[in-house]
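Presented below is the structure to which this report refers.
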């Protein structure tokens, strides 16, 4: 007998909808983190329809919704189940929900390189809102002179880490003029990568000028010099992830 089955029917809804962990997460957050579509379905079937939207929109640790957890771990099956409980007219609000850095689930999916997740999220919203979702920017850090980034900006930044599939997904939903701009920005970004051995320099990404520092020219003591690592080596935490695997928080 499962835990839910052991709870009287009149108490089950209250138990599910009021439980919050010390980190601020609900049962749905935990199910999204684990990616179990059956548990997600049981939880959302148990929650009354009038409370379901609020339950899905609940924010927990790092202001993540359950959708953010599904996106960051690449849980496509669980994502489809959750979105199946959201009426079409409410899906944009769910998918456009922001975390502590104002990132949507699409930002997270693109950063992690989950092309299937990105496609599911974009196709889930009405067609007239898809371009706006792709171009939505996250938090700007004015002290560091960094403006907000869109999902497309992250595709440009991460393409060197084999994120081409997710970039192709985004581009398939964009008009030709924005696709052309993407390839121009990508070329600038790649040229900048080739120039990293010259130290600090500025590049333009998504129409913004940013300063880049070559960390490879510093050894473990913080002094200038060759660390001995190949220039093309990607740090372990930046390795591209396949759908169904986890990805570190940005």
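The values are calculated or read from the model by the stated rules, or taken from the named source; none is laboratory data. Note that this is a predicted model, so its numbers are computed, not measured. So basically every Cβ, Gly included, is an ideal-geometry build from the backbone, and we count neighbours across all protein chains shown.
Restricted to the stretch 93-106, and to residues there that are buried (at least 20 other Cβ atoms within 10 Å of the Cβ) and in a helix (DSSP H, G or I), the residue that is farthest from the chain's Cα centre (by Cα) is 94.
Residues satisfying the criterion are present in the stretch 193-200 (criterion: modelled with pLDDT under 85, surrounded by fewer than 14 Cβ atoms within 10 Å (Cβ to Cβ), touching a helix residue (DSSP H, G or I) at 6+ places or on another chain (Cβ under 9 Å) and outside any helix (DSSP H, G or I)).
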